[in-house]
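Have a look at the structure below before the remarks.
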Amino acid sequence: MDVKLEPSWKEVLQDEFEKLYFVSLTDFVKKEYKSGAIYPPPKQIFRAFELTPFDKVKVVILGQDPYHGKGQANGLSFAVGEGIALPPSLQNIYKEIEVDIGEKPARTGDLERWAKQGVLLLNATLTVKASTPGSHQGRGWEEFTDAAIAALSEKREHLVFILWGNYARQKGAHIDRSKHCVIESPHPSPFSAYNGFFGSKPFSKTNTYLQKQGMEPINWL
């Protein structure tokens, strides 16, 4: 695994690369890519960090695993490759944006347009075996992404953390809420969207907070 992190992230997370868990994780991921289909493609593993430098982050949306279907995962949580059918969770995210913002968002699955505005679309686990959800959990990725979240919480101020579902809430449990805005709701998946995700208005809430801090709102469309 070739770790070519964007410079500001590399500086913040440098210590992680020397730790035993990361050395072990690197060996594991390299072997997995040689043994069969793993998603996303190797060059997209750290895409969330590449598109959203540490000092440009304004919003963090936490996901769990990359999508495990061919052509879906592209290194950004909840996003899929261009031209790929929208997964149910992303469809529901777009439904909520339309109601919340009052306009229809573009029906493209690649959320690069958000990432470039400062939305860090971070999965807890950055790789997955084809057709095998959760297959790369517990191998070290969670520790690495925990370190990224901790660095943002400690070194930055006035960020918005959007935590959908219990997994994201647990992962964001140590965010300093005296310095940051934390927005929580059920997950946008079809299994839970009607239990409180729909109507939660995370997108307008995010923009209201950013504007109060004197920052540009996110164009979610």
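The values are calculated or read from the model by the stated rules, or taken from the named source; none is laboratory data. From a predicted model like this one, the values you see are computed outputs, not experimental measurements. All Cβ positions, even for glycine, are placed from backbone atoms using ideal geometry, and neighbour counts span all protein chains on display. When the accessible area is computed, the model is the full protein with side chains, heavy atoms only, and any ligands, DNA or RNA have been set aside. Shrake-Rupley method; radii C 1.70, N 1.55, O 1.52, S 1.80 Å.
Condition check for residue 218 on (1) open to solvent by less than 20 Å² (accessible area, probe 1.4 Å); (2) of a type outside the set (Gly, Ala, Ser); (3) in a helix (DSSP H, G or I): one failure, at (3).
Given the condition out of contact with any Pro (no Cβ under 9 Å at 6 or more places or on another chain), open to solvent by less than 50 Å² (accessible area, probe 1.4 Å) and part of a helix (DSSP H, G or I), answer yes or no: does some residue in segment 41-49 qualify? Scanning segment 41-49 turns up at least one residue that is out of contact with any Pro (no Cβ under 9 Å at 6 or more places or on another chain), open to solvent by less than 50 Å² (accessible area, probe 1.4 Å) and part of a helix (DSSP H, G or I). Just one residue in the set 217, 190 is touching a residue at least 12 places away in the same chain (Cβ under 8 Å) and touching a helix residue (DSSP H, G or I) at 6+ places or on another chain (Cβ under 7 Å); that residue is 190. Looking across segment 26-40, the residues that are under 15 Å from residue 4 (Cβ atoms), open to solvent by less than 40 Å² (accessible area, probe 1.4 Å) and in a helix (DSSP H, G or I) come down to 26, 29.
Looking at segment 93-101, can you tell me whether even one residue there is open to solvent by 10 Å² or more (accessible area, probe 1.4 Å), touching a helix residue (DSSP H, G or I) at 6+ places or on another chain (Cβ under 7 Å), over 25 Å from residue 167 (Cα atoms) and assigned to a loop (DSSP other than H, G, I, E, B)?
Step one: filter segment 93-101 for residues open to solvent by 10 Å² or more (accessible area, probe 1.4 Å), giving 95, 98-101.
This time we only want the ones that are touching a helix residue (DSSP H, G or I) at 6+ places or on another chain (Cβ under 7 Å), so: 100-101.
Restricting the remaining residues to those that are over 25 Å from residue 167 (Cα atoms) gives 101.
With assigned to a loop (DSSP other than H, G, I, E, B) added as a condition, the list becomes none.
Checking segment 93-101: not a single residue is open to solvent by 10 Å² or more (accessible area, probe 1.4 Å), touching a helix residue (DSSP H, G or I) at 6+ places or on another chain (Cβ under 7 Å), over 25 Å from residue 167 (Cα atoms) and assigned to a loop (DSSP other than H, G, I, E, B).
Checking 120, 86, 90 one by one, the residue that is assigned to a helix (DSSP H, G or I) and closer than 21 Å to residue 40 by Cβ is 90 and no other. For segment 131-160, the set of residues classified as of a type in the set (D, E, K, R) and either surrounded by 20 or more Cβ atoms within 10 Å (Cβ to Cβ) or assigned to a helix (DSSP H, G or I) (or both) consists of 142, 143, 146, 154, 155, listed by residue number. Restricting 71, 118 to residues that are of a type outside the set (Ser, Thr, Tyr) and touching a Lys or Arg at 6+ places or on another chain (Cβ under 7 Å) narrows the list to 118.
Which of the residues that make up segment 102-117 are among the small types (Gly, Ala, Ser) and either surrounded by 16 or more Cβ atoms within 10 Å (Cβ to Cβ) or in a helix (DSSP H, G or I) (or both)?
Within segment 102-117, 109, 115 qualify.
From the list 163, 90, the lone residue that is at pLDDT 95 or above, open to solvent by less than 10 Å² (accessible area, probe 1.4 Å) and in contact with a strand residue (DSSP E or B) (Cβ under 9 Å, 6 or more places away or on another chain) is 163.
Any idea how many residues of segment 19-51 are among the polar types (S, T, N, Q) and closer than 15 Å to residue 110 by Cα? Quick ask: steps written out before the conclusion?
In the first step, residues of segment 19-51 are kept if they are among the polar types (S, T, N, Q); the result is 24, 26, 35, 44.
Next cut, closer than 15 Å to residue 110 by Cα only: 44.
The number of residues fulfilling the criteria is 1.
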